[in-house]
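Notes follow the structure.
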Amino acid sequence: MTDTGAGAVLVVGEVGADGAARPVSFEVLTAGRRVANALGGPLVALVMGVGVGEAARSLGAAGADRLLVADDARLAGLTTEAASAVLAHTIREVAPAVVLVPGTTAGRDYAPRVAARLGVGVAADCVDVAIEEGELVAVRPILGGRVQTAVRMPGSRPQMATIRPASFEAAEATGAGPEPEPIAVDLAPNDLRVTVRETTAKEAGPTNLEDAWAVVGGGRGLKEPDNFKLVEELAEVLDAAVGATRAVVDAGWRPHHEQIGQTGRTVAPRLYVAVGVSGAIQHNVGMQGSDYIVAINRDPDAPIFKIASFGIVGDLFEIVPALTAELRAARS
Ligand SMILES: Cc1cc2nc3c(=O)[nH]c(=O)nc-3n(C[C@H](O)[C@H](O)[C@H](O)COP(=O)(O)OP(=O)(O)OC[C@H]3O[C@@H](n4cnc5c(N)ncnc54)[C@H](O)[C@@H]3O)c2cc1C
């Protein structure tokens, strides 16, 4: 493995449970291409896991100049510690100017660890990137999304950032890309303290909120946890994922991984249906990038209506079952 040059940009591709590169990987590729063009260096993609050759090739077809593949049985389930070790090793080998990592649950966990190992900073959860005077400018929302701030790390090498899902258009396949190059997987016992013994898939519906074409988000207007079945039924007929506000997660009605917003996940599906959600700024920052927002709320002054494409003012306990029944009938 040779040093790729001062202007190289390294992006990390994430692989889903189905073995394919996740959509966010192609978004990070778009961000990386912009930065690489500005620096005049190559765009290098790293993919880690087991049997990830095809996922890597799809990133090559979408524009990576070089593909590095860390394919090793010990990377099954890709734990944070193993991913950190492989990424840190790759950065030392490639010596990129900029490293961009998907701002997913996994990426947000290992990117700062790698930055700490290398003694550099990391701009987290960025929604835009640019190069000014040869340095990365990473834009990230602060104060619950009310303000955006530009982060610069002058002189730092590499300059690292995690990219918030749905912040860039996904890079599209343009033709056969480069051949994948294997990269050594040098793991110490400390990198393998955690092993994934089993992964259980959800019984139905999209397994990943960020990848779902539609999301139905439920809030405190549902009154009690059992009523979330209304949200689940609507999600099922739409082939959508289920999301939740922090209010209902804090109340223990729903698991934290479903929380959308400032302290939860960011989604930007084609369709977001907000059911009994008031539309607090801390929730909206996690879903306002959706193409269409449909809000169902009995309060005509609820803030959610300010960002909704379609608003239905009324009692969700009447509207949601009727909507689900109509959609089910239409689909059958
Ligand atoms: C630092 C910080 C971080 C936060 N992070 C997040 C975050 O990541 N995600 C998040 O979601 N929140 C977050 N919050 C909390 C946020 O401020 C709100 O409190 C929360 O989003 C409100 O959740 P909700 O809309 O479910 O509940 P509520 O605000 O109580 O709204 C319930 C809505 O349901 C409607 N309703 C009631 N009954 C019916 C009915 N029968 N039919 C139709 N509509 C009905 C009401 O009109 C109301 O608008 C954060 C807060 C802070 C301070």
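Numerical summary
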| quantity | calculated |
| --- | --- |
| Scope segment 110-138; condition among the small types (G, A, S) and under 24 Å from S84 (Cβ atoms); matching residues | A111, A115, A116, G119, G121, A123, A124, A138 |
| Strands (runs of 3 or more DSSP E) wholly inside segment 137-217 that include at least 2 residues being touching a Lys or Arg at 6+ places or on another chain (Cβ under 8 Å) and not aliphatic (A, V, I, L, M) | 147-152, 180-182 |
| Contacts under 9 angstrom Cβ, first residue in segment 21-34 being closer than 18 Å to A268 by Cα, partner aromatic (F, W, Y), 6 or more apart | F26/F168; E27/F168; V28/F168; L29/F168; T30/F168; A31/F168 |
| Residues located in segment 288-299, provided they are assigned to a loop (DSSP other than H, G, I, E, B) and closer than 14 Å to G276 by Cβ | R298, D299 |
| Single residue of A166, A184 found to be away from the ligand (no atom under 13 Å from the Cβ), in the same structural domain as G19 (by TED's automatic domain parsing) and within 30 Å of E132 (Cβ to Cβ) | A166 |
| Condition check for A36: at pLDDT 95 or above, open to solvent by less than 20 Å² (accessible area, probe 1.4 Å), in the same structural domain as T162 (by TED's automatic domain parsing) and more than 20 Å from G177 (Cβ to Cβ) | no |
| Yes/no for A295 being free of Cβ contacts under 8 Å to residues at least 40 places away in the same chain and within 11 Å of the ligand (Cβ to nearest atom) | yes |
| Of all residues in segment 126-136 being outside any strand (DSSP E or B) and not small (G, A, S), the one that is most open to solvent (accessible area, probe 1.4 Å) | E133 |
| Top-ranked residue in segment 306-332 [being open to solvent by less than 50 Å² (accessible area, probe 1.4 Å) and in a loop (DSSP other than H, G, I, E, B); ranked as farthest from the ligand (Cβ to nearest atom)] | A308 |
| Criterion (under 22 Å from L118 (Cα atoms), open to solvent by 100 Å² or more (accessible area, probe 1.4 Å) and over 20 Å from the mean Cα position of the chain (by Cα)) met by exactly one of D191, D186 | D186 |
| Residues of segment 269-279 that turn out to be closer than 14 Å to R246 by Cβ and either in contact (Cβ under 8 Å) with a residue 60 or more places away in the chain or surrounded by fewer than 18 Cβ atoms within 10 Å (Cβ to Cβ) (or both), as a count | 1 |
| Segment 260-274 - residue that is at pLDDT 95 or above and within 12 Å of the ligand (Cβ to nearest atom) and, of those, nearest to the chain's Cα centre (by Cα) | I260 |
| Condition met for V127 (out of contact with any Asp or Glu (no Cβ under 8 Å at 6 or more places or on another chain) and not hydroxyl-bearing (S, T, Y)) | yes |
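Okay, residues lined up against (1) open to solvent by 40 Å² or more (accessible area, probe 1.4 Å); (2) out of contact with any helix residue (DSSP H, G or I) (no Cβ under 9 Å at 6 or more places or on another chain); (3) among the basic types (K, R):
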{"position": "R220", "(1), (2), (3)": "yes, no, yes"}
{"position": "A235", "(1), (2), (3)": "no, yes, no"}
{"position": "P255", "(1), (2), (3)": "yes, no, no"}
{"position": "T266", "(1), (2), (3)": "no, no, no"}
{"position": "I304", "(1), (2), (3)": "no, no, no"}
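The values are calculated or read from the model by the stated rules, or taken from the named source; none is laboratory data. Given the structure is predicted, the values throughout are model-derived calculations rather than measurements. Using ideal geometry, Cβ is built from the backbone for each residue, glycine included, and neighbour counts are taken over all protein chains shown. Note: accessible area is taken over every heavy atom of the protein model, side chains too, but ligands, DNA and RNA are not part of it. Shrake-Rupley method; radii C 1.70, N 1.55, O 1.52, S 1.80 Å.
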